[in-house]
Amino acid sequence: MKPNNSTVETIDDKQFHQLGSHLLQSIEVALEAADDALDLDLDVERQGGNVINIRFRDRSVIVVNTQPPLHEIWVAAKSGGYHYRWAGTLASPLWLDTKTGRELLSDLSEFASAQAGQAVNIKLLKS
């Protein structure tokens with residue numbers, strides 16, 4: 001799905017790696033902060049640099065990983081599997097679901113909230 005704005009910047013492999021790394025770091029930091037604040041009993045584990053496994057108290061898991069050959073971010077949650085494609089600019093990063101057009105961090109916050117049983121808000125760290 002293409003975003004409605006025509007200002008999408010094409011990214012190369014190096015930029016994808018940098019953006020993906022920043023995204024995963026942002027997710028880790030947000031979840032650790034939520035865990036500390038809300039006592040969610042989360043286990044956030046990075047695997048191989050490009051995969052995050054988020055284990056919840058009820059033993060459910062969310063997996064977030066980068067797919068460098070496709071320049072996509074994939075998310076597997078209780079509610080299903082999702083693929084997010086770059087749709088932003090370097091100044092305003094944006095990843096949109098290839099089927100629904102929904103934004104990655106908004107979806108991930110929703111998935112994490114559902115699986116944690118409490119509101120979890122995940123935002124990008126300031127660069």
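The values are calculated or read from the model by the stated rules, or taken from the named source; none is laboratory data. Because the structure is predicted, anything quoted here is derived from the model rather than measured. Neighbour counts run over all protein chains shown; Cβ positions are idealised from the backbone, glycine included. Keep in mind that these areas ignore ligands, DNA and RNA; they rest on the heavy atoms of the full protein, side chains included. Shrake-Rupley method; radii C 1.70, N 1.55, O 1.52, S 1.80 Å.
Of all residues in the range 105-124, those satisfying the criterion of being hydrophobic (A, V, I, L, M, F, W, C), open to solvent by less than 60 Å² (accessible area, probe 1.4 Å) and over 10 Å from the mean Cα position of the chain (by Cα) are PHE111, ALA112, ALA116, VAL120. Do the conditions hold for GLU9, that is, is it among the charged types (D, E, K, R) and touching a residue at least 60 places away in the same chain (Cβ under 8 Å)? For GLU9, the condition - among the charged types (D, E, K, R) and touching a residue at least 60 places away in the same chain (Cβ under 8 Å) - is met.
Hey, among the residues in the range 36-54 that are assigned to a strand (DSSP E or B) and among the hydrophobic types (A, V, I, L, M, F, W, C), which one's surrounded by the most Cβ atoms within 10 Å (Cβ to Cβ)?
Top of the filtered list is ILE54.
Take the range 90-104 and flag every residue that is open to solvent by 20 Å² or more (accessible area, probe 1.4 Å) and either modelled with pLDDT of 95 or more or under 17 Å from LYS123 (Cβ atoms) (or both). I'd like the intermediate steps shown before the answer.
As a first pass, look at the range 90-104 and keep what is open to solvent by 20 Å² or more (accessible area, probe 1.4 Å): 90-94, 96, 98-103.
Result: ALA91, SER92, PRO93, LEU94, LEU96, THR98, LYS99, THR100, GLY101, ARG102, GLU103.
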